[in-house]
Amino acid sequence: MIKENFPLKNYNTFGIEATAQYFAEFNAVEKLEELLEFKQLSTVINQPKTFILGGGSNILLTGNVEGLVLKNEIKGIEKVGEDGDYIFIKAGAGENWHQLVLYCIDNNIAGMENLSLIPGNVGASPMQNIGAYGVELKDVFYELEAFHLTEKKVVKFSLTDCHFGYRESVFKSQLKDKFIILRVTYRLHKTPHFNIRYGAIEQELQAMGIKQLSIQAISQAVINIRRSKLPDPAVIGNAGSFFKNPEIDTHQFDLLKISFPGMIGYALENGNVKLAAGWLIEQCGWKGYRKGDAGCHAKQALVLVNYGNAKGSEILSLSNDIIASVQQKFNVLLQKEVNIIKGFEAC
Ligand code: FAD
Ligand code: EPU
């Protein structure tokens, strides 16, 4: 059923008050095809528009959304194969990401434990190439099925087809708005390959008194760290890191280090350095800043928050002020990680 002027406040973790011109859910590709035939879209709007919504945990709505918002509710988690080393798990795009991680952990299937408690759904996981605590989605990805919105056909994408990068994929670049991800297949390990390189995990495992490593223990350590740092969207609206950690060359890093000896940077395989954007933002004095209900989180400067009734445009304006001040102080340009969704009326 297609609903009109549908409120989206409970469908975005920033908790922004906005509406969808039209809104519908689908749980099968046939249902999606029916919805795409929706006649009013082409008569009411010059350019038929659709927006795919997952868990709404990486979007900032800055206006009421024009056209049809399609909420992906395709469910199902199943084992679709195995070989000597790997187990292949296929999940519907509408499954909750953390529930999939828990399913794997409960079944002693390894590889996802470091990605515990990331909000959102399976469908966005390859779109964003989600990552945390030393692991990225691409490390466990096998293939996905996606529906081409205009050619109306299902296409398979392999690991190389997806062009994964840091919080990037082909679905955010060349193929932006062209496909709806339907199902994702993950290649997971029968025998765990523990990854506790990310400093805080080891400390947390020690604090938990863990003597024998397990995927369960790593998952719990990651959950504990995340809960201590990141605001719970059910309590304070947010979409996780608002910006990406910027990459600069070593020459620029060495020069910056002279003026700012405390600057945090991680060497990358390509010879560049990744800076901690949270540190840069904190140094500019934004950490804990609040104007009206829009703010910069007091424990993690990379996370912008809505304390209640902030407008999307206010969060966006704060993010632009932060970008300008980081650029002025460090000559480093921050890029937004969160997808900014423009609408037809500011909200
Ligand atoms: P949505 O926000 O609904 O959508 C995001 C984008 O993907 C939109 O452009 C949407 O159109 C598109 N999209 C969604 N589903 C589909 C589909 N089926 N087909 C095609 N396009 C689609 N991210 C990390 O990588 N690491 C973290 O550690 C992390 N921590 C977070 C912590 C908090 C507290 C929060 C709120 C967010 C965090 N995030 C993190 C960001 C977010 O959880 C991820 O980006 C997540 O993958 C978004 O999923 P979603 O289903 O909510 O996507
Ligand atoms: N830092 C500060 N001040 C701050 C915040 C961080 O100085 O206010 C410093 C920390 O002390 C640390 C460094 O910055 O030395 C890195 O901080 P942290 O470990 O918290 O990670 P992050 O770089 O802020 C990234 C991801 C997160 C992911 C964590 C763990 C990005 C944009 N963010 O955050 O992903 O969960 O690492 O791997 O890459 C997301 O994408 O939404 C997200 C939350």
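The values are calculated or read from the model by the stated rules, or taken from the named source; none is laboratory data. This one's a predicted model, so the numbers in the text were calculated from it and none came from an experiment. Please note: Cβ atoms are built from the backbone with ideal geometry, for glycine as well, and neighbour counts cover all protein chains shown. Side chains are part of the model used for accessible areas, which takes the heavy atoms of the whole protein and leaves out ligands, DNA and RNA. Shrake-Rupley method; radii C 1.70, N 1.55, O 1.52, S 1.80 Å.
Rg and Dmax, both from the Cα atoms of region 1-156 and both in Å, are 17.0, 55. If the segment from Asp106 to Ile223 were pulled out straight at 0.36 nm per residue, it would be longer than the present Cα-Cα gap by 40.6 nm. Taken over region 245-306, the ratio of Cα radius of gyration to 2.2 N^0.38 Å equals 1.29. Under 11 Å from a label point set 7 Å out along the Cα-to-Cβ vector of Lys79, the amide N atoms of region 176-194 belong to 190. If R0 equals 35 Å, the separation of the Cβ atoms of Ala207 and Leu268 corresponds to a calculated FRET efficiency of about 0.75.
In the calculated pair distance distribution of region 77-228, what percentage of Cα-Cα distances lie above 25 Å? Cα-Cα pairs in region 77-228 separated by more than 25 Å: 29 percent. When only alpha carbons of the chain are considered, Rg and Dmax amount to 20.8, 65 Å.
Magnitude of the charge dipole for the chain, about its Cα centre and with charges confined to Cβ atoms of Lys, Arg (+1) and Asp, Glu (-1), is about 580 debye. For the pair Lys257 and Lys176, label points projected 7 Å from Cα toward Cβ lie 3.5 nm apart. Shown here for region 260-347: trypsin sites (Lys or Arg not before Pro) in loop regions (DSSP other than H, G, I, E, B) with at most 12 other Cβ atoms within 10 Å, namely Lys299.
Per residue, the solvent-accessible area of the chain (1.4 Å probe, heavy atoms of protein chains only, all protein chains present) comes to 48 Å².
You can think of it this way: the chain between Asn195 and Val155 has 11.1 nm of extra reach, that is 0.36 nm per residue less the Cα-Cα gap.
Long hydrophobic helices in the chain, taken as whole DSSP H segments with a C-alpha length of 20 Å or more on their own axis and mean Kyte-Doolittle hydropathy at least -1.0: 215-229, 312-330.
A 1.4 Å probe, protein heavy atoms only, puts the accessible area of Leu102 near 60 Å². Translational diffusion of region 232-341, estimated by Stokes-Einstein from the Kirkwood radius over alpha carbon pairs at 20 °C in a medium of 1.002 mPa s, is 149 µm² per second. Once backbone amide H atoms are built at 1.01 Å from N, Phe141 has Arg187 as its partners under 5 Å, excluding neighbours fewer than 5 places away on the same chain.
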